[in-house]
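Below is one structure; the comments refer to it alone.
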Amino acid sequence: MTGDTAPKLMQPKEYKSSVKPVWCPGCGDFGVLGSITKALSGLQIQPESAAVISGIGCSSRMPTYLKTYGFHGVHGRALALATGLKVARPDLTVIATGGDGDGFSIGGNHFLHTCRRNPDMTYIVMDNQVYGMTKGQASPTTDPSWEKGKLTPCGTGVNPFQPLVIALASGANFIARCSSSDSNGTARVIMEAIRHPGFSMVQILSPCVTFRPEQREWKNLLVPAPVEATSDPAQAARRLLTDEGMFTGVLYVGDRPAYQPCPENRIDSITELDEEFRI
Amino acid sequence: MNRQNLSIALTGSGGSGVMTTGNMLLEAAAQAGWYGFMGRSAGPQIRGGEAAALLRVSSEPIESPDDSFDLVLAIDPGSMGRFVAELPLRTDSFIVSDAAGGRRSSTLPETPAQVVDLPMKKLAKTVKGGRPNMIALGAVAKMIGLPEDSIYAILENILKSKGPEALEASWACVQLGYAAGADLPKFDGPPINTQSAIERWQITGNEAAGLGAVRGGVRFVAAYPITPATEVLEWLAGSLPKLGGVLVQAEDELASINQIIGASFGGTPSLTATSGPGLALMTESIGLAVCSETPVVILDVMRCGPSTGIATKSEQSDLSIALHGLHGDAPHLVLSPTSVTDCVFTTQWAVHLAESMQTAAIVLSDQSLGQTRAIINRPADLSFMAKRLVPEQFEENYLRYAVGESGVSPMAIPGQKGGQYTADGLEHTEAGAPSSLPGDHLAQLDKRERKIEGFDYGQHWADLEGEGDTAIITWGSTTGPVREALSRLKEQGEDIRLIAIRLLAPERPEEMAVAFKGIKRLLVVEQSHSKQFYRYLRAAYDLPAGIKLFNRPGPLPFRPKEIIEQLADWGTES
């Protein structure tokens, strides 16, 4: 060793921007913001080498509050935009963030197909089972008997969407559930998700204290999964279908290769393309 | 009649091989040193149904269908009825039909043309594995003066993957057809010129647009299959990897447009291709590209609308949605190529413009340009390449959306240290932070408008040709027939101006005022039932007093004669 000083380590707070979040006091998303910055710091990902992509909703404001590159796009399309970025720029660490409405309702098709396609990126869904930004409507993950939804005063009567089961069935390779109240535990899972090749799905139960104040109780209901992550999809399916949505931790890890576009067969000059048209 | 150019149609039921035959005939024309093109007309069926290959060959470059057809090869006579409206015939036109060739019926539709019989089916049956379409190919080659051996080379090339037996059977049929053609009417085709020193290409409009895109620098494409744009994607899927680029088949058009926005945000010039229904789905996110100032190009190969419309047929009816379909005040670029050849230039230019101004460009091609295979002179190499303004170094507080004189602010690319920002569809400050303040909104609206309004587009905004006090104004694929009409009139000593707009948005009022100078009568030609182009012109420009509209919906193409008639029959309307 010479006397060179070690490079300065990036601290979690150095990943935060100066923009003040729009979130309500007590919102679970503050905890997730903290976990993301801890994970980026934990992996020492340089802010300019990461891009955080989102759609619309409370949790989709995330990129603005980070010092990485970011894209706050339109409602439901975060995964599509992130896929384009990752395919064009495989060198970047790409993280998509959003909520249950953005990801599973308006963006449901992209969720299915991004799980299938398996690009090497991490999807963090802050699930609060409600549309907060539009002030309290039922979301795809809302319990059918919830009667406070302003558009569904008699409850939705509709079966809730089970994101992790769907993720598994659609081909996601890394499936985890976390709680926004466990900042360090969630940070560790996000680090693992980022390191995992392929599409990593991280559901974070993140209470909406304004429209779902009863979710403050989540921190008492969520329990670490009593078993290790499985690589057996059948076993994972059984667990995910029977844990009532309250087991946290990494629940499934597969080894399907990440999305790889067509191999290159480079030509020396673009004018070689003219040949096929020449008479 | 001057038959230095010939219009020939091949009709048949699906599976009878009319498109293959048409392509071979066009290839033979190309080898003979001719120019020409082949358009496609087909029903919606995947297989089966009726199909027509519509060819025109000439000694000179051409880009318009003629007024009528000289020769129709009705391989399956019963299927010709479907194309009566698309196949105008004269009393001296010929239909070569097969009285015993019908799959369901052998009855030709009522026609002014002369009908001659060629037992294509019967002749084909004398050859093991023989097919009537190859009899037709041999016959038509003989009738228009193409040498027999030139056909062999083409068969060999096109059928090589099908094995020696298929080649042998086809060649035997072509020879039989060629011999039988000796008893059929003769047409004076253009002179054979196998020593032409001019480099010519054979290319479709869709391929040309794809080539323009990659010449402009596009290296990422995401798209969802849709008629009649799919061939753009098929060509790009094969070509992009050769250039280190990527095509992703997306799950829908919403994904397509957002994937290309993501890739472009990452610094890669990006494009998607679609048709009207896909464009409608994309409009919200095109607004995102405008607001976040992320350059993208959307190629819309138009077809008849609304809704699913007629998916396989051409129309210029996406103009309004391309111009006005984005919500909010969202200035962007709308361009349209004026010919198959121009699909290369206009698409390349669109990439250049979108990248230069960090905005969205919509290119309006259409089915008749996109799916027409043409023999053209080699398109010029153009210097327009994607050139984005990217900062080389960063101040302490980098302002992604800095408001400057040109309206174009330096765009950091992920990976650049110190350039981190959040691209946003929310209105934002210069730094990119969300803002609902009226001052920020106005400043950014002004900026996004200014960069497009103030850009120097040079002479490419329109094709301006001819002289005189009468002009025709048009855009897109209808430019071809208008050009031919004007060239015919010029031969008769009548000089009329052409204004074919390539840059439809932003409007160019100053340039247009110059273009309109001295014009007393203006004929507007467009393929839209609701007069979309006419209404656009009325809203955007001060038009000359004497104005007349010639519009109709797709799918029937405009023919030069009709345009000449419109000019002659100006009447007292003006």
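A short reminder: the numbers here are calculations on the coordinates, not readings from a lab. It should be emphasised that the depicted structure is a prediction, and the values quoted were computed from it without experimental measurement. So basically every Cβ, Gly included, is an ideal-geometry build from the backbone, and we count neighbours across all protein chains shown.
Roughly how crowded by other chains is peptide A:58-69, in terms of the mean Cβ count from those chains within 10 Å of each of its Cβ atoms? Intermediate results must be reported in sequence, preceding the final value.
On the way: counts 0, 0, 0, 3, 1, 5, 8, 1, 2, 3, 4, 12.
So the per-residue partner count for this stretch is 3.
Positive contributions from Lys and Arg (+1) and negative ones from Asp and Glu (-1), summed over other residues with Cβ under 12 Å from the Cβ of A:Gln137, come out at +3.
Calculate, for B:Leu382 and B:Val84, the FRET efficiency according to 1/(1 + (r/R0)^6) with r their C-beta to C-beta distance and R0 60 Å; round to the nearest 0.05. After rounding to 0.05, the efficiency reads 0.90.
For chain B, the longest principal axis of the C-alpha atoms and the axis of helix B:18-31 are separated by about 90°. So which of A:Lys38/A:Lys219; A:Lys16/A:Lys86; A:Lys219/B:Lys417; A:Lys8/A:Lys219; A:Lys16/B:Lys447; A:Lys67/A:Lys150 end up more than 32 Å apart by C-alpha? From A:Lys38/A:Lys219; A:Lys16/A:Lys86; A:Lys219/B:Lys417; A:Lys8/A:Lys219; A:Lys16/B:Lys447; A:Lys67/A:Lys150, over 32 Å: A:Lys219/B:Lys417; A:Lys8/A:Lys219; A:Lys67/A:Lys150. Each residue in A:Met246, A:Met201, B:Met24 was given a count of other beta-carbon atoms within 10 angstrom of its own, and listing them fewest first yields A:Met246, B:Met24, A:Met201.
Its alpha carbons considered, chain A gives a radius of gyration followed by a Dmax of 20.1, 75 Å. Of the DSSP H helices in chain A, those that are both long (alpha-carbon extent of 20 Å or more along the helix axis) and hydrophobic (Kyte-Doolittle mean at least -0.5) are A:28-42. Note on B:Arg559, B:Arg400: ascending count of other Cβ atoms within 10 Å places them as B:Arg559, B:Arg400, the fewest first. Rounded to the nearest 10 degrees, the inclination of helix B:479-491 to the longest alpha-carbon principal axis of chain B is 70 degrees. Reported value for the stretch B:459-568: 94 Å³ per residue, from the convex hull of its C-alpha atoms.
Measuring spread by the Cα atoms of chain B yields a radius of gyration and Dmax of 25.5, 85 Å. Axis of helix B:438-453 versus longest Cα principal axis of chain B: the two differ by about 40°, to the nearest ten degrees.
Let me know the shape class of the stretch B:455-503, please: from the alpha-carbon gyration tensor, a ≥ b ≥ c as square roots of the eigenvalues, rounded when a/c is under 1.5, otherwise prolate if a/b is greater than b/c, or oblate. Could the numbers behind the result be given before it?
Numbers: a/c = 3.00, a/b = 1.79, b/c = 1.67.
It is prolate, given that a/c is not under 1.5 and a/b is the larger ratio.
Given the rule -39500 (n - 2.57) for each run of at least 4 DSSP H residues, summed and divided by the residues of the protein assembly as shown, what is its mean residue ellipticity at 222 nm, to the nearest 500 deg cm²/dmol? Don't skip to the answer; put the middle values down first.
Working: 24 runs with 268 residues, N = 853.
Helices in the protein assembly as shown give a 222 nm mean residue ellipticity of -9500 deg cm²/dmol.
Once the trypsin sites (Lys or Arg not before Pro) in DSSP loops with at most 16 neighbouring Cβ atoms within 10 Å are cut out of chain A, the longest remaining piece is A:9-134.
Each Lys or Arg adds one and each Asp or Glu takes one away; over the other residues whose Cβ falls under 13 Å from the Cβ of B:Tyr541, this sums to 0. With R₀ set to 56 Å, the beta-carbon distance separating B:Glu156 from A:Arg216 gives a calculated FRET efficiency near 0.10.
Normalising by residue count, the stretch B:202-377 has a Cα convex hull of 92 Å³ per residue.
Applying the criteria of a DSSP loop state and at most 14 other Cβ atoms within 10 Å to the trypsin sites (Lys or Arg not before Pro) of the stretch B:128-211 yields B:Lys128, B:Lys186. Sorted ascending by nearby beta carbons within 10 Å, beginning with the fewest, A:Val253, A:Val22, B:Val214 become A:Val22, A:Val253, B:Val214. Per-residue shielding of B:243-255, expressed as the average number of other chain Cβ atoms within 10 Å of the residue Cβ, stands at 6. Taking GluC sites (Glu not before Pro) in DSSP loop states with no more than 16 other Cβ atoms inside 10 Å as exposed sites, chain B has its longest site-free stretch at B:200-391. In the neighborhood of B:Leu279, defined by Cβ-to-Cβ distances under 9 Å, what is the net charge if each Lys or Arg adds +1 and each Asp or Glu adds -1? The answer is -3. With Cα atoms as the point set, the radius of gyration and Dmax of the protein assembly as shown evaluate to 30.8, 98 Å.
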